[in-house]
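For reference, the structure discussed in these notes is given below.
A short reminder: the numbers here are calculations on the coordinates, not readings from a lab. All values reported here derive from a predicted model rather than from experimental measurement. For neighbour counting, all protein chains shown are included, and Cβ atoms are generated from backbone atoms with ideal geometry for every residue, glycine included.
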Amino acid sequence: MQSDIPVFYPNMLKLFSECPLRFYYRYSEQIPTPLPDKGFVTGKNIHSLASYYLKGMDITKFEKALTPKEAEMWSVLKNNPYFDMDIVGVEKNIIARLGDNWIGGRLDAVIKNGNSYFILDYKTGGVNSDMVYDFQTMVYLMLCHSVYEGYDSLSFIYLDLKNNKEVTIVFNDDLKIEYEKRLSDIIASITEFNPSKYEPNPDCNCEFSNICRPN
Ligand code: SF4
C-alpha cells in the first residue's frame, strides 16, 4: 500500500490488525462509513464534560442535562483521585516520531503528581483487564515518553466508568523496547500491504462487506 498516511493513530493500527482490507477501504480509499451509534454519543458527552470540568468551566447546566446512566458515570469520573492532582493537558493532541514514521493520539487528560505522570483514558463501555499491548496503551505511552522527558514514572490509567474500576499500566524500559517493535512491525505491514493480494475472510461482515465480496 502506498504510504500516504502521515500519522498513525491507535484506532488505525487496531483496525489494520483486525482486517487490513477494512483499513484500506477506510483510510486509503476513504470510503464514507455509517454514523456512530448511541453508545458513542454517551462517551462523547462524558468526555466533553470532563474536559470542561478540568478546564475550570461552570458545568452545572451540562450536569443537569445528563441521562441517569451518564450521571452515574460522571459521578465515578468526577470523584477519581487523579482529578485532584496537577493537570498537564486536557484533550491533548500529541504526535511524535517512531523511527521513520509518525504516531499520534488525542489524550483525554495528562495528570502529574510531583514528577510522576498519569495518562487518563475514560471508558464508558467497559475495559479489558489486560490492556498492556492494546494499541492505545502502546501509542500513548510512547508519545508521553518522548514529550515528558525526565519523569520519575509514567503510567497509563484506564478509568472504567461502566464497572467503576481502574486498569493501570506502568511504563518501563522493557515495555518501551517491546512497544517500539510491535508498533514498527504493524506500520511496516501497513506500508507493504497490497489489497489485490489479500483474500477476504468469507465469514465476516462489516460496513464494507458489499465492496469486499460483491457477489
Ligand atoms: S467484510 Fe470482513 S474481510 Fe471484508 S472488509 Fe469487512 S472485515 Fe474485512
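Rounded to two decimals, the Cα radius of gyration of the stretch 110-201 over 2.2 N^0.38 Å is 1.29.
DSSP bridge analysis restricted to the chain gives an antiparallel fraction near 70%, rounded to the nearest 5.
In the chain, once you exclude exposed GluC sites (Glu not before Pro) (DSSP loop, at most 16 other Cβ within 10 angstrom), what's the longest stretch remaining? Longest stretch, sites excluded: 30-148. Taken over the chain, the alpha-carbon convex hull comes to 143 cubic angstrom per residue. The chymotrypsin sites (Phe, Trp or Tyr not before Pro) of the stretch 82-181 that meet both conditions, a loop assignment by DSSP and at most 14 other Cβ atoms within 10 Å of the site Cβ, are Y133. Phi-derived couplings, Karplus 6.51 cos²θ - 1.76 cosθ + 1.60 at θ = phi - 60°, listed residue by residue for the stretch 42-48: 4, x, 5, 4, 5, 5, 5 Hz, with x used for Gly and Pro. Considering only K64, K176, K112, the mean-square fluctuation computed in a Gaussian network model of the chain, springs between alpha carbons under 10 angstrom, is largest for K64.
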